[in-house]
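For reference, the structure is listed below as C-alpha cells.
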C-alpha cells in the first residue's frame, strides 16, 4: 500500500501564479483569466477522476490525473499536482485500490486550493477593475 505525505508542499505558490502576469504581476488581467480557466478545467478533471475511479477505468484516470498534474503545477498548485502525479503513476500500474485511497486527499487538496485561489483573487481586486 502506498503512503502519502505532502505536508512539506504548499497548497499555492503565489509567486508562480503572479509570474504568469509577466512584468505586470498582480495587475495583469491575464492572471485573473488563468485562475478562472483553471477553476473550470480543474473541477472537470477532478470530476473525471472521480468517475474513472468509480468505473474502474485506469486509462481515463491516468489521462485526467496527468492533465490535472500539469495544469496545477503551471499555476503553482504543487500540492494538488503532487497528488495527481501519484494517482497517475498508480493508475498506469493498474493499482486502482491505492488510487481510490488517494481520492479523499485529492478532494481535500482541491478544496483547499479553491479557498487559496479565492484569497489570492481578493489581492487582485485592487489592481484589476
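All of the numbers you see were taken from the coordinates with simple rules; none came from a lab. Predicted model, so just to flag it, every value in this text is computed and none were measured.
Our compactness index for segment 14-123, the C-alpha radius of gyration over the empirical 2.2 N^0.38 Å, is 1.11. Using only helices, what value at 222 nm comes out for the chain when you add -39,500 (n - 2.57) per DSSP H run of length 4 or more and divide by the total residues, to the nearest 500 deg cm²/dmol? The per-residue figure over the chain is -25000 deg cm²/dmol.
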